[in-house]
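Read through the structure below, which is laid out as structure tokens, and then see the notes.
The values are calculated or read from the model by the stated rules, or taken from the named source; none is laboratory data. Treat the numbers as computed from the prediction; the structure is a model and nothing was measured. As a convention, Cβ positions derive from the backbone with ideal geometry for all residues, glycine included, and neighbour counts pool all protein chains shown.
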């Protein structure tokens, strides 16, 4: 990279460890597995990148967590704003979605939230973000993009289609150091549900990659990966559920090394492009998406058959789930009795919630979702509080080549799936983790259309 040129843009960076200091239940993987932290494989962090011009400033925060509720994210952003004077809407609070970190998102059956950790976490995130805004330096920005082959697969397409995944890089070069912002859209779940250690998961490969390319700091954002998984998960899955993959620590280390080598090799291709933003533009819009009102909504008998069909279990109209299918014995998954109890609990919980909903009047079956778009020259960042399928990202990037899509941002509102591509999981079991009801089938196209219009008429 060439030397610093005179720039009106400045940036600052800060990083802090947020690994828990005591035993705590981990988030991700259901249902009710009670994965209590037993150690630290590698530390998790909160990281903040401050970017400012004369007329505007943004703060990009990435946390090595499965996600944060919109309430938690809003509270954190509000406190940071009050202490830095950065507008609340200009603060992006995102999560890498690792399943090997403390439970911080309200996902039914996927880890109990520890309120003491949440208070401690909020303090850490706020202090670290404020630190990033102090003593910023003149900055040069550059963009690069390349593809990684044979690492990911699309579990929703026929024959588990291999994917060529985009790796997007933004370099922030200052007189003090060089910071790397990177985005990669593959579900970060190499470590399976048996692991009870804290970890960034495969993201550690990006840390090693950045270090070997002389970047002083790295901040990572996960994109649209609702149906994209690392290929090793498919190879090592011990049951039909990819969440049950068993990967040893040795294999985990090897997989990270393999990914790092792929990154280093492909990094040599292409070239860095200068980004010269004369200003920073931030656009926030509310998008209303409706939930699907199931056919069984006012028919308890149909509701019973629905639950039986998606879990292959028998439901009693008065007692909820009364028998869970026993899973095949396998030394690489948790005991079948524990798994059966977990399935039984989530079904019973949601079953009774559905029944209570039947008695209510005037229920709103929609959700108002806040989207944020940031423009830095010809670089665009779209931040959404969803887990979305990869097609949405690639469609937008075909129109705007330097588009970053940050998911799990400023909340975690559920799946928005492409009805032509996605499996039934986001519409059935996945929706039970997030909401009582899945989003309507038309939500994907509505979300994509809305974002396209915002980009077209505001940038």
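Structure notes:
- Identification of helices (runs of 4 or more DSSP H) wholly contained in segment 159-274 with 2 or more residues that are within 28 Å of residue 383 (Cα to Cα) and modelled with pLDDT of 95 or more yields 204-212, 249-267.
- Hey, residue 80 surrounded by 18 or more Cβ atoms within 10 Å (Cβ to Cβ), farther than 25 Å from residue 169 by Cα, in the same structural domain as residue 276 (by TED's automatic domain parsing) and in contact with a strand residue (DSSP E or B) (Cβ under 7 Å, 6 or more places away or on another chain) or not: yes
- Set 63, 37: member being surrounded by 16 or more Cβ atoms within 10 Å (Cβ to Cβ), modelled with pLDDT of 95 or more and either in the same structural domain as residue 104 (by TED's automatic domain parsing) or under 17 Å from residue 123 (Cβ atoms) (or both): 63
- Which listed residue, of 144, 131, is outside any loop (DSSP other than H, G, I, E, B), closer than 30 Å to residue 278 by Cα, touching a helix residue (DSSP H, G or I) at 6+ places or on another chain (Cβ under 9 Å) and touching a residue at least 24 places away in the same chain (Cβ under 8 Å): 144
Per-residue answers, yes or no, for (1) assigned by TED's automatic domain parsing to the domain that holds residue 37; (2) over 14 Å from the mean Cα position of the chain (by Cα); (3) in a loop (DSSP other than H, G, I, E, B):
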residue	(1), (2), (3)
98	yes, no, yes
107	yes, no, yes
112	yes, yes, yes
124	yes, yes, no
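- Only a single item in (1) assigned to a loop (DSSP other than H, G, I, E, B); (2) touching a residue at least 60 places away in the same chain (Cβ under 8 Å); (3) closer than 19 Å to residue 220 by Cβ; (4) in contact with a strand residue (DSSP E or B) (Cβ under 8 Å, 6 or more places away or on another chain) is not met by residue 55, and it is number (3).
- Test result for residue 100, closer than 28 Å to residue 184 by Cβ, surrounded by 24 or more Cβ atoms within 10 Å (Cβ to Cβ), touching a helix residue (DSSP H, G or I) at 6+ places or on another chain (Cβ under 7 Å) and in contact (Cβ under 8 Å) with a residue 40 or more places away in the chain: yes
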